[in-house]
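Undergrad: Sharing a structure with you now.
Values in this text are rule-based calculations from the coordinates and carry no lab data. Everything quoted here is computed from the prediction, not taken from an experiment. Glycine gets a Cβ as well: all are built from the backbone with ideal geometry, and neighbour counts include every protein chain shown.
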Amino acid sequence: MSKATHALLLTAASVTLAGTTLAATGGKITLVGNGSAAHAPEIARLTLTVDSKCYDTADHAKEANAALAAKLVSDLQTYGPDVTAAGGPTTFEAQTLGSDYHTVICENSWSTSNVLTIKTKDLAHLVELEDRLIQEITAAGQSELSDTKARTTANLSQPSFDLTKETKTQLEAQAVNETYRNARAQADALAQQCGIKNIHLTSVSPPTYQLQANAGNYAPSFPGGGVSTPLIPESISVTSQLTFEWSYEDSGNCLQ
């Protein structure tokens with residue numbers, strides 16, 4: 001699917017900015033064209049951050065973190081082989097409550113972290129994967145309940161979506177072609193309406209591209225009245241923008 005929009009900017013040495021006529025002696029026309037093409041998402045990325053805080057030794061923090069990370073990696077690999085783990089620093093310091101740096105939950109203790117990421121094309125089972133990860137995270141949190149402040153928890157981010165490199169290349173070509181067709185049509189229409197003579201293209205800027213996800217399917221509401229949130233976009237659009245400059249030699253009146 002594709003579409004195009006346009007914006008017009010008329011420039012010439014003797015153009016009246018109030019805009020009822022174009023320069024009779026010639027000038028330039030600048031068209032800013034936007035074309036787009038879309039495709040269903042092909043890739044999903046999920047990221048989990050595993051945090052271990054308030055442990056009495058560095059080894060205890062790393063062991064607890066590795067245990068939960070291993071369980072989550074096993075779950076992730078069920079849905080795709082492209083799983084990465086990036087270990088964070090192991091530090092000895094006071095631990096605060098999230099972004100509330102004034103609330104100290106433990107003094108002079110050990111902490112460490114892991115960031116797990118999966119890139120999968122199995123979008124049909126994405127909700128199932130998220131549910132499985134949430135169950136694993138919840139079970140780990142319940143098993144850690146004790147009189148000590150040491151905790152290992154995990155946070156699951158919202159999924160992000162992408163297209164394969166090949167699909168992006170195809171959509172970029174479609175979007176640019178649409179932009180060229182639109183610019184030509186607008187230039188011809190303007191020439192006919194305004195009586196412009198001898199119009200021809202003098203320059204085209206390099207294209208710029210932007211990726212945008214379009215709203216789509218929704219996840220089920222969480223128990224307790226939680227609000228549903230968009231999960232999988234209906235499509236991902238690639239938009240292109242080019243600036244076309246046309247010159248002309250003569251013009252009649254152009255009613256705006």
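Undergrad: Packing-wise, with mean Cβ within 10 Å as the measure, how do 47-59, 189-201 rank, highest first?
TA: Details: 47-59: 19.0, 189-201: 14.8.
Descending mean neighbour count gives 47-59, 189-201.
Undergrad: Follow-up. Can you sort Phe92, Phe244 from fewest to most other Cβ atoms within 10 Å of each residue's own Cβ? Don't jump to the answer; show the numbers that get you there.
TA: Values: Phe92 12, Phe244 22.
Ascending Cβ contact count within 10 Å gives the list Phe92, Phe244.
Undergrad: Here's a follow-up. Filter Lys62/Lys121; Lys62/Lys165; Lys53/Lys121; Lys71/Lys121; Lys28/Lys168 down to the pairs with a C-alpha to C-alpha distance above 26 Å, please. Mind showing how you got there, number by number?
TA: Values: Lys62/Lys121 31 Å; Lys62/Lys165 37 Å; Lys53/Lys121 34 Å; Lys71/Lys121 21 Å; Lys28/Lys168 34 Å.
Over 26 Å apart, Cα to Cα: Lys62/Lys121; Lys62/Lys165; Lys53/Lys121; Lys28/Lys168.
Undergrad: Need one number: convex hull volume per residue for the stretch 39-97, Cα atoms only, in Å³.
TA: Details: hull volume 6.7 nm³, N = 59.
Given the Cα convex hull of the stretch 39-97, per-residue volume reads 114 Å³.
Undergrad: Would you mind checking which residues have amide H under 5 Å from Ala40's amide H? H placed 1.01 Å from N; only 5 or more apart, or other chain.
TA: Ile236
Undergrad: Out of residues 5 or more away from Ile232 or on other chains, whose amide H comes under 5 Å of its own, with H placed 1.01 Å from N in the peptide plane?
TA: Hits under the 5 Å cutoff: Asn217.
Undergrad: Still on this model: Which value, in debye to the nearest 20, describes the size of the charge dipole of the stretch 43-162 about its Cα centre when Lys and Arg Cβ atoms bear +1, Asp and Glu Cβ atoms bear -1, and nothing else is charged?
TA: Values: 9 positive and 17 negative charges, 42 e Å.
The dipole magnitude comes to about 200 debye.
Undergrad: Counting only residues 5 or more places away or on other chains, whose amide H sits under 5 Å from the amide H of Ala94 once H atoms are built in the peptide plane?
TA: Here the answer is Asn108, Ser109, since their amide H atoms fall under 5 Å of that of Ala94.
Undergrad: Step through the residues of the stretch 59-73 one at a time and calculate ³J(HN,Hα) from phi using the Karplus curve (6.51 cos²θ - 1.76 cosθ + 1.60, θ = phi - 60°), rounding each to whole Hz and writing x for Gly and Pro.
TA: Computed from phi, the couplings for the stretch 59-73 are 5, 5, 5, 5, 5, 5, 5, 5, 5, 5, 4, 5, 5, 5, 4 Hz.
Undergrad: Next up: If you take the charge dipole of the stretch 51-134 about its Cα centre, with +1 on Lys and Arg Cβ and -1 on Asp and Glu Cβ, which of Thr103, Ala67, Cys54 is farthest toward its positive end?
TA: The one lying farthest along the dipole's positive direction is Ala67.
Undergrad: Shifting gears a bit: So what J values fall out for the stretch 165-174 if you push phi through Karplus, 6.51 cos²θ - 1.76 cosθ + 1.60 with θ = phi - 60°, rounded to Hz, Gly and Pro as x?
TA: 4, 5, 5, 4, 4, 5, 5, 4, 5, 5
Undergrad: Based on the Kirkwood radius over alpha-carbon pairs, what value in µm²/s does the Stokes-Einstein equation return for the translational diffusion coefficient of the stretch 43-162 at 25 °C and 0.890 mPa s? Before the final figure, lay out each step's value.
TA: Details: Rh = 15.0 Å.
For these conditions, the coefficient is 164 µm²/s.
Undergrad: From the phi angles alone, apply the Karplus equation (6.51, -1.76, 1.60; θ = phi - 60°) to the stretch 103-119 and give each ³J(HN,Hα) in whole Hz, x where the residue is Gly or Pro.
TA: For the stretch 103-119, the Karplus-derived couplings read 9, 8, 9, 6, 9, 6, 9, 9, 9, 7, 8, 9, 10, 10, 9, 10, 10 Hz, x marking Gly and Pro.
Undergrad: What order, most packed first, do the peptides 78-89, 117-128 have when packing is the mean number of other Cβ atoms within 10 Å of each residue? Working shown, then result.
TA: Details: 78-89: 13.9, 117-128: 15.7.
Listed from highest to lowest mean packing, they are 117-128, 78-89.
Undergrad: Ranked from highest to lowest mean number of other Cβ atoms within 10 Å per residue, what is the order of the peptides 27-34, 69-76? Spell out each step's value before the answer.
TA: Numbers: 27-34: 20.2, 69-76: 18.2.
The packing order, highest mean first, is 27-34, 69-76.
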